[in-house]
Structures are given as structure tokens and as C-alpha cells.
Amino acid sequence: MIGRSPIICGVFKLLAFATVVTCLPPQRSQLTESQLSALVDSHPPFPALNPNYYTTATTASNLSAQSVSDRIGGGNAGETLALLTPMLIPRAPGSDNATIIRDFIKGHFHGLSNWTAFTDGFTATVPEYGGIPGALNFTNLIFRLTPPGTDHLPSRYLTLVAHYDSKISPFGFIGATDSAVPCAILMYLAESLTPHILKRWKSDLGAISDDTGLQIIFMDGEEALVQWTDQDSLYGSRHLAQLWESEKKVAQFGRLSTLQEIDLFVLLDLLGAASPAVPCFFEITSWACRGLAETERRVRNAGLAKANGQKPFIRTDSVMKNAFVDDDHMPFLRRGIPVMHVIPIPFPVVWHTMNDDGAHLSSEAVHDWAVLITGWVAGYLGLGDFL
């Protein structure tokens, strides 16, 4: 993640953006405490997201025996499969391990019903480092769950995002919070919510033509390869935002771009350390941040949180109007896409150090983030009566 000073302060110049947000999604419903409990009971996040759980199906997920056999078991039928542990390896862009992780993520979504997979592969000019030529291949992974009967209509997607690459230096850097945990949470969320989403859509096929679908993006190349600059960072998000802006589709009121199918862009980063404090960054999407905070309150009231006795993860007492973090949301924000950035301030103490590994994660925080994010998404998609 972000190879620069954590916060860039100053006036947040919305007027400099090329596009103005013209339509915001309405605030969606919240799950009740009993609905949240039913959701967690139907698909508990642990042991799959426990950083000390080492069992997964190596054949199904195409994991490299050479790189992870010391931590990964065989995986038997009916056994819970690890989602986080396989991510806890170095994943620098262009490396063999990056391919392993892509195959692992793709294999996971291949096993879920009705998801459509896309890849955005491209070659970008990069600074020369370690004798590597100044060009590198990157691959973004995009997965969509689209409401049925909307083939000829503009789609809208709640879009959840994390980057799967890790820093190339220091050598052996894993990046557990940055961003193995967010990626694993998104895989868990998709697995947990898919049957409930499909149940909702099946219940009333005539009323879902304008429903919001779910889109999950795993970005490549977020990290700087040498030193953070506008050119040496955010390779995947810069490419994808530009590509989707150029893709035009016929709509009722003219031609829309693929970019405009994003209902809300939710970026997860640096999650999994103890005692996080995540502020609301943008006034225009503070409704979503407040909704996330309300979901957290209900999760705690329902007794579903493991990190008890701590302050809330989401802090809504003030919106950071004059500060922001440069991250994968910025190429989309500059194009007028509404963003909720879920990242703690200050950053975890392990940020960009060799201690950002599985041993230094807070299992309680990982669990609670999974429950909180999944519960909020379930409410956003109106799944309360279908759990």
C-alpha cells in the first residue's frame, strides 16, 4: 500500500475533478441485530479468516505447493477452506506468487453461483528496479453478480475493492493488512452473501430490473515499485478507470460509460490490526460511512464482535473534509465516482514493515471487519428478509 506520507492535507479541490457526481444512491436499509446474527450463523467468518487456520483445498485453488505447502493442508470434502492464509505470501506484480494468488482468487469465485469473471490485463512502463526492464505486466480481476433480466439495461453495481499486490521491497514483505486481509474479507463476503442475493432476486423477478448488483475488484499494482509518484503507483486503478471511462454503452438518456455503472466505490485497505480508527473522508458519501457505523453498533449490540472493550472502528464524529489518502480510489474519484474509503488513520504501526504479517494481525479485528462489512453490504442490497 501507499508508499508516501500517510495523509495529504489541503483544500480538497472537487472543482478540479473533470466530472461532477450527478446521482447518488439512496441510503439503503440496515440489518437488525437478529438478522445480523442469522447472517453470521449461516456462514461464520472463522475459521476461514483466522490467520492461524492452515487448511485449504490445494487442487481447487491451484496453490503452488512450492510456495505454500509448509502452511497449507490437503483439504477434505466438507472442510472449511482457508481464505486468508493462502494470501499471506509476497505478491509483487509480475511474480510467480502473484499468479498463484490470482489463480486462488479466480478459483474461489469459479465455485460461486452466477458470478461473471473479467480480467483487465495490460503492460505498463515502470521505473527500472533490480535489473528488471522498464515494462511490467499487470492484471486486475473483476467479478460481477448481475440481477437477472437486465441484459439490455444499464447496470448499477455496489463496487467493493482491494489491491492484491504487495510491495517489492523489503524483500519478503507480505502485507497482511496491506491488503491480504481486505482481499480475504471480500472473498468471504461473496461466498456468504451469494445465496441470499440469489434468493432475493428469485423471489420477485418482476421487481429487480433496476436492482443494484455486486461488483468486486482486486486491483494489481497499487504499490510503488521504486518511489511513490503519480506515475509509479496505482497502476491497476489508473488503467481500469481510464478503460471504463472509454467504454460507452447505449442507455435511455444517451450513452453511459462502464465507469458510470458504479453505484458506490468502497475501497478497503490496511485492515486487520488492533484498535483501528476509520474516519469518514467525504461529505458526499458520509451517508454510507454513517450507515457502516450504525451496522457496527448493531453488530456489537448483538454480541457478534470479538474485539470487545475497544472504541468503535468507524468514527463518524467528523468528516475529514481537508485531508485524504492517495489510494486506488483516486482515479475513480477524479472522474466523479462516489467513494467510501475504509482505511484507518493513523495507519497500523506495522505499515510497510516486515511485521505486517500474519503473526501481527489481530484475529479479533479481522473477524469483526468481516462481520461488519458483510452485514453492511447485506443491508445495502436489501437482504434482511432473505437470510
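The values are calculated or read from the model by the stated rules, or taken from the named source; none is laboratory data. The structure presented is a predicted model; accordingly, all values stated were derived computationally and were not measured. Ideal geometry is used to build each Cβ from the backbone, glycine not excepted, and the neighbour counts take in all protein chains shown.
Can we say E296 is within 24 Å of R335 (Cβ to Cβ), acidic (D, E) and either in contact (Cβ under 8 Å) with a residue 60 or more places away in the chain or assigned to a strand (DSSP E or B) (or both)? The answer is no for E296.
Taking each residue of the stretch 101-121 that is closer than 14 Å to G236 by Cβ and surrounded by 13 or more Cβ atoms within 10 Å (Cβ to Cβ) and looking for partners that are acidic (D, E) and modelled with pLDDT under 95 with beta-carbon atoms closer than 7 Å, six or more apart or interchain, yields nothing. For the stretch 138-171, how many residues meet the condition of being basic (K, R) and either modelled with pLDDT of 95 or more or within 19 Å of D328 (Cα to Cα) (or both)? Number satisfying all stated conditions: 2. One residue stands out in the stretch 306-352 among those that are exposed (fewer than 14 other Cβ atoms within 10 Å of the Cβ) and polar (S, T, N, Q): the one that is farthest from L234 (Cα to Cα), namely N308. When the stretch 198-225 is limited to residues that are part of a loop (DSSP other than H, G, I, E, B) and modelled with pLDDT under 90, the one that is surrounded by the most Cβ atoms within 10 Å (Cβ to Cβ) turns out to be D211. Taking the condition surrounded by 15 or more Cβ atoms within 10 Å (Cβ to Cβ), modelled with pLDDT of 95 or more, touching a Phe, Trp or Tyr at 6+ places or on another chain (Cβ under 7 Å) and among the aliphatic types (A, V, I, L, M), does L270 pass? Criteria met by L270.
Is it the case that the stretch 36-45 has a residue that's more than 28 Å from H329 (Cα to Cα), at pLDDT below 95 and in a loop (DSSP other than H, G, I, E, B)? Within the stretch 36-45, none of the residues are more than 28 Å from H329 (Cα to Cα), at pLDDT below 95 and in a loop (DSSP other than H, G, I, E, B). A count restricted to the stretch 139-195 and to residues that are farther than 19 Å from E222 by Cα, among the charged types (D, E, K, R) and in contact (Cβ under 8 Å) with a residue 60 or more places away in the chain stands at 3.
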